[in-house]
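K.L.:
Dropping a structure here in structure tokens format, bear with me for questions.
Read-outs throughout are calculated quantities, based only on the coordinates presented, and are distinct from any laboratory measurement. All figures in this text were calculated on a predicted structure; none of them were measured in a lab. Because the Cβ atoms are built from the backbone with ideal geometry, glycine has one as well, and the counts that use them run over all protein chains shown.
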């Protein structure tokens, strides 16, 4: 073979590799965003359950009856609010805000909702920072994400024809 044949082979391989990298980033972005959205359905971060919300914790009240007073346990919030999943709120905007973007061979998973950071990391919030928000992580590094990314990379690299 001549040197021009080798350079043509490497040029073709370079193009295939660049295309594979782009496919990897896009597929990984889709899969990671889906996995993170599942955290909201499972009310935890990959098996680590979030702290329960007060609105769903039962409370005991005393009810007057004809035979006297009785203790009765009821949910703290009534109706849908007492049954709604953690971090979904009335709208579910936080879960729907999970996005990804690919720039300069980087994959960025993010939420553009202003209150996402305080829920993910915990801390003080509200007027005068008087309300303590517990950490309920839904986005960030995790071994399950690493495993999924590794699988996507391996599958895409197998498609490159040498």
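K.L.:
Efficiency by 1/(1 + (r/R0)^6): what FRET value for residue 38 and residue 114, r their Cβ-Cβ distance, R0 = 25 Å, to the nearest 0.05?
P.N.:
Details: r = 23 Å, r/R0 = 0.93.
So the FRET efficiency works out to roughly 0.60.
K.L.:
Further question: May I ask you to sort 138, 17 by Cβ crowding, counting other Cβ atoms within 10 Å and putting the fewest first?
P.N.:
On the way: 138 24, 17 13.
By the 10 Å Cβ count, ascending: 17, 138.
K.L.:
Say R0 is 45 Å: what FRET efficiency, to the nearest 0.05, do residue 59 and residue 14 get from their beta-carbon distance?
P.N.:
On the way: r = 65 Å, r/R0 = 1.45.
It comes to 0.10.
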